[in-house]
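Enquirer: I'd like to ask you about the structure that follows.
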Amino acid sequence: MNRISVLPMQWGNLAFLDAENTGCPTVFLHGTGCDTPDWERTFGYLADGVRTLSVDFRGHGSSDVPVDRFTIEDLADDVLALVHHLGLKRPLFVGHSLGGMVAMAAARKTENVGGLVLLEGWTVLGCSVRAFRGKRMFGNLSPEVIQQIQAKSAETKSRFSDIDWQSFWESVKAFDAEDFLKQTDVPIWQVYGALGRTDASERYLRVPNRENIFWHWVNRAGHYLPHECPERVADICRIAVKKVEQFD
C-alpha cells in the first residue's frame, strides 16, 4: 500500500491515498467504519490504465476527528475538495455503502464526474431493510474477517461522541438520491450482492430504469463486496473506466 497523504481542511486533516499512476482517476470511497486498507485487495486486481485513489472520511482511518458536527453532505464536499486539489478531470467515483451515498451526494454538486460505481450504495438508507431477505450482511466471509470488520467499525465510532455520531447518522438516514438518479446523465453501475434477493428487490432499491444505469448482481455475495469479491469489483471498475473513457 502506498503512503497515505493528508489535505489540510478547516476541520482537520483529510487523509487520502494516491497511487499517482496513469489512467482514469478512480476515487474509492469506503463504507461506514471502514477505511483505505479495505480497498487493498481490489487495488491488487486493477491493471494499468486506472489511477487509484482513496479517501478516509472524517474520523475514519488516518483522517482527523472533527471537533464540530458534520453531515453526509460535508463528506461529499471533502471529496470534491480533494478532486479540485489534485486537479482530477472527470473522475470515476467507486463507493461502498455509505461511500456510494457520498459519491451520489458529490456527483449532484458538480459536473466534473465521469461515472459512479455504487457497491450497495443505497438510494435511501431504509431501502436496504425491505430489499432483501434473511441474514446476508457478511455473506460468506470467515468469522475472523467478520470480527475484524466489526472491531474496526466499533473503534471508529468510539472516536466520536455519541451525540456527534447520532447527528451525523441522522443526515445519512435523511439522504435521498432518487431524484438525482432520475435526472442525471452520468453513467452509473448499481452493484449488489445477490444473497437474499427477491423478485421485489429492484423495486425496493428505488433505482429507476434508465439507459445510463447498469445493474450487476454478484452471486453468493452479501453487503461487503470489497471484502468478499474484490476481483469482481475490480472487473466492474474496469468496465466503468472503459465507458467513461469513451465519453472523454
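Enquirer: Given (1) surrounded by fewer than 17 Cβ atoms within 10 Å (Cβ to Cβ); (2) acidic (Asp, Glu); (3) within 25 Å of Leu82 (Cβ to Cβ), where does Asp164 come up short, assuming only one miss?
Expert: Of (1) surrounded by fewer than 17 Cβ atoms within 10 Å (Cβ to Cβ); (2) acidic (Asp, Glu); (3) within 25 Å of Leu82 (Cβ to Cβ), only one is false for Asp164: (1).
Enquirer: Can you find, within the range 24-49, the residue that is farthest from the chain's Cα centre (by Cα) among those that are surrounded by 22 or more Cβ atoms within 10 Å (Cβ to Cβ) and part of a strand (DSSP E or B)?
Expert: Looking at the filtered set, the residue picked out is Cys24.
Enquirer: Mind listing just one residue for me: the one in the range 93-119 that is within 11 Å of the chain's Cα centre (by Cα) and part of a strand (DSSP E or B) and, of those, surrounded by the most Cβ atoms within 10 Å (Cβ to Cβ)?
Expert: That would be Val94.
Enquirer: Return the residues of the range 213-222 that are touching a Gly at 6+ places or on another chain (Cβ under 9 Å) and open to solvent by less than 30 Å² (accessible area, probe 1.4 Å); say none if nothing qualifies.
Expert: The answer is Val218, Ala221, Gly222.
Enquirer: Among the residues of the range 10-23 satisfying the criterion of being of a type outside the set (S, T, N, Q) and open to solvent by 10 Å² or more (accessible area, probe 1.4 Å), which is nearest to Arg238 (Cα to Cα)?
Expert: The residue in question is Gly23.
Enquirer: Enumerate the pairs (first residue in the range 151-172 and farther than 17 Å from Asp38 by Cα and in contact (Cβ under 8 Å) with a residue 12 or more places away in the chain; second residue anywhere and assigned to a helix (DSSP H, G or I) and of a type outside the set (Gly, Ala, Ser)) with beta-carbon separation below 6 Å, excluding pairs fewer than 6 apart on the same chain, so at least 6 apart or on different chains.
Expert: Short answer, once both residue conditions are applied: Ser171/Ile72; Val172/Ile72.
Enquirer: Could you figure out which of (1) touching a Pro at 6+ places or on another chain (Cβ under 8 Å); (2) open to solvent by 40 Å² or more (accessible area, probe 1.4 Å) isn't true of Asp68?
Expert: (1)
Enquirer: Further question on the same structure: Quick one: how many residues across the range 55-83 are assigned to a helix (DSSP H, G or I), more than 12 Å from Met9 (Cβ to Cβ) and not small (Gly, Ala, Ser)?
Expert: 3
Enquirer: For the range 128-156, which residues satisfy the criterion of being open to solvent by less than 90 Å² (accessible area, probe 1.4 Å), of a type outside the set (Gly, Ala, Ser) and in a helix (DSSP H, G or I)?
Expert: Those that are open to solvent by less than 90 Å² (accessible area, probe 1.4 Å), of a type outside the set (Gly, Ala, Ser) and in a helix (DSSP H, G or I): Val145, Ile146, Ile149, Lys152, Glu155, Thr156.
Enquirer: Does Thr52 fit the bill of being outside any helix (DSSP H, G or I), under 18 Å from Thr110 (Cβ atoms) and open to solvent by less than 30 Å² (accessible area, probe 1.4 Å)?
Expert: Against the criterion (outside any helix (DSSP H, G or I), under 18 Å from Thr110 (Cβ atoms) and open to solvent by less than 30 Å² (accessible area, probe 1.4 Å)), Thr52 does not qualify.
The values are calculated or read from the model by the stated rules, or taken from the named source; none is laboratory data. Everything numeric here is computed off the predicted structure, so don't read it as measured data. Neighbour counts run over all protein chains shown; Cβ positions are idealised from the backbone, glycine included. Only protein heavy atoms, including side chains, enter the accessible area calculation; ligands, DNA and RNA are left aside. Shrake-Rupley method; radii C 1.70, N 1.55, O 1.52, S 1.80 Å.
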